[in-house]
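Written below as structure tokens is the structure these notes are about.
The values are calculated or read from the model by the stated rules, or taken from the named source; none is laboratory data. Everything numeric here is computed off the predicted structure, so don't read it as measured data. Cβ: placed from backbone, ideal geometry, glycine included. Neighbour counts: every protein chain shown.
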Amino acid sequence: MPWYTPLFQWLSGLFFTKTADISIVGLQASGKTSFVNVIGSGQWSEEVVPTVGFNVRNVRKGNITLKIWDIAGALTRQFQPIRSLGLSLSTGQPKFRSTWERYCSGVDVIIFIVDSHDKEKFDAARFELHQLLSYQTLAAVPLLVLGNKNDLQDHATVNELIKALELDKIRSRAVSCYSCSMKSQHNLDIVLQWLTKHSH
């Protein structure tokens with residue numbers, strides 16, 4: 001290897017660094033903080049302290065710097081189906097949903113994390129996601145949906161997540177969906193490639 005190759009790589013990282021502001025949202029216990037920990041340190045832990053309010057962390061991966069806003073999850077709603085109308089009603093107010101819009105405004109990417117193994121919460125996740133995307137301040141912000149915990153049996157596939165969360169009905173922005181695992185770190189390399197593509 002020529003002597004100047006490492007120097008060029010170092011200079012490229014110094015002068016051609018890309019950045020991305022990212023907000024991570026989702027229901028409680030979906031894996032948001034685990035995502036930040038794994039991306040930042042490569043370490044996964046069974047014991048994770050739930051986020052209260054929000055946390056901010058700067059992560060350098062290669063020539064990209066990620067400013068990650070880890071926002072507290074919405075409290076799970078209880079849905080009661082009305083079979084004759086094909087509708088669902090929700091009871092209770094999510095504690096932190098009002099802060100989601102505030103911390104998602106002005107970012108480069110919104111990441112919505114779902115526990116792909118906990119299918120009973122898909123209705124609540126879909127409701128919260130589409131409520132968030134209805135804010136005009138967030139129009140056109142790219143959306144990345146991550147179905148976490150694909151290391152568990154009977155997890156939802158990408159196609160099942162797209163259907164359950166009605167991602168195919170979102171027209172106002174770029175939308176991508178990946179199945180992944182924070183524990184095994186499966187597909188997190190693809191996630192980083194996607195984030196690099198949407199950085200500036």
Q: Go through the residues of the range 127-138 one by one and say whether even a single one is buried (at least 22 other Cβ atoms within 10 Å of the Cβ) and in a helix (DSSP H, G or I).
A: yes
Q | Test: Ser98 is at pLDDT below 85, small (Gly, Ala, Ser) and either crowded, with 21+ Cβ neighbours inside 10 Å or not in a helix (DSSP H, G or I) (or both) | A | no
Q) Ile162 passes all but one of (1) hydrophobic (A, V, I, L, M, F, W, C); (2) closer than 21 Å to Ser34 by Cβ; (3) part of a helix (DSSP H, G or I); which number fails? A) (2)
Q | Answer residue from the range 151-198, given it is over 15 Å from the mean Cα position of the chain (by Cα) and of a type in the set (S, T, N, Q) and is modelled with the lowest pLDDT among those | A | Ser172
Q. Taking the stated definitions as given, is Asp189 part of a helix (DSSP H, G or I) and without any contact (Cβ under 8 Å) to a residue 60 or more places away in the chain?
A. yes
**Q.** Count of the range 165-185 residues which are surrounded by 15 or more Cβ atoms within 10 Å (Cβ to Cβ) and either assigned to a loop (DSSP other than H, G, I, E, B) or of a type outside the set (S, T, N, Q) (or both)
**A.** 11
(Q) So, Asn159, is that one surrounded by fewer than 18 Cβ atoms within 10 Å (Cβ to Cβ) and under 21 Å from Trp194 (Cβ atoms) or not? (A) yes
(Q) Consider the range 148-183. How many of its residues are without any contact (Cβ under 8 Å) to a residue 40 or more places away in the chain and in contact with an Asp or Glu (Cβ under 8 Å, 6 or more places away or on another chain)? (A) 2
(Q) Among the residues of the range 114-161, what is the count of those that are acidic (Asp, Glu) and at positive phi? (A) 1
Q) Pick from Gly62, Gly53: which is modelled with pLDDT under 65 and at positive phi? A) Gly53
Q: Pick out the one residue from Ser179, Ser172 that is in contact with a strand residue (DSSP E or B) (Cβ under 8 Å, 6 or more places away or on another chain) and small (Gly, Ala, Ser).
A: Ser179
